[in-house]
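See below for the structure under consideration.
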Amino acid sequence: MLRGRHAATVDVKGRLKIPTAFKSILDERYGPDFYVTSLTGQYVRVYPFTAWRKIEEKLAALPSMNRFKQKFLDRTNYWGQTVRMDAQGRILIPSQLRESAEMRGEVAVLGYLEYLDVWNPQRFDEHLEKNPITEEDEKALSDLNI
């Protein structure tokens, strides 16, 4: 599983160097192909392509006019691009998403079990401040036995 936070760098050409802790898992379990996208343009989401295919299969089973499916695909297609990791462990972040998410220099790469999120560190700090854990959140987590 992909877990934890690791610092990484996005170079001037827009390539993210995957942190070593994640790269070994990605190489072993998933291979070099990824779908890089976002739901908001505020961060970058990196799906191993096999994990992304599972999402596509679930979406394909839904009616074409399902509004939640449409909203999800609108955003993930707008920001998304299929990429391949190079021999140095780098993946290209699409230029439009890179600009929107402020991906340059040092970034925070967070593991979310089967995908990675990449954030501008200052933007992620703001995200955490705006979205504190509430009593309602704690109850929902408790109800899930977490």
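Could you tell me the calculated FRET efficiency between residue 50 and residue 134, based on Cβ-Cβ distance and R0 = 35 angstrom, to the nearest 0.05?
That pair, residue 50 with residue 134, gives E of 0.50.
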Using the Karplus curve 6.51 cos²θ - 1.76 cosθ + 1.60 with θ = phi - 60°, work out ³J(HN,Hα) for each residue of region 58-70 in order, rounded to whole Hz, and write x for Gly and Pro.
-> 5, 5, 4, 6, 7, x, 4, 8, 4, 5, 5, 4, 4
Among the lysines, which have Cα under 20 Å from the Cα of residue 130 when same-chain residues fewer than 8 positions away are ignored?
-> 139
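If Lys and Arg each add +1 and Asp and Glu each add -1, what is the summed charge of the other residues whose beta carbon sits under 14 Å from the beta carbon of residue 25? Walk me through the numbers on the way to the answer.
On the way: positive: 3, 23, 29; negative: 27, 28, 114.
Here the count lands on 0.
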³J(HN,Hα), Karplus 6.51/-1.76/1.60, whole Hz, each residue of region 121-135, x for Gly, Pro = x, 5, 5, 5, 4, 5, 4, 5, 5, 6, 10, x, 6, 9, 4
Reported label for calculated Cα Rg over 2.2 N^0.38 Å given (i) 1.38; (ii) 1.09; (iii) 1.00 = (ii)
What full-extension length gain, to one decimal in nm, is calculated for residue 64 and residue 125 as 0.36 nm per residue of separation minus the Cα-Cα distance?
-> 18.3 nm
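Throughout, read-outs are computed from the coordinates displayed, never taken from laboratory work. Keep in mind that this is a model prediction, so the values were computed, not measured. Don't worry about glycine lacking a Cβ; one is built from the backbone with ideal geometry, like all the others, and counts go over all protein chains shown.
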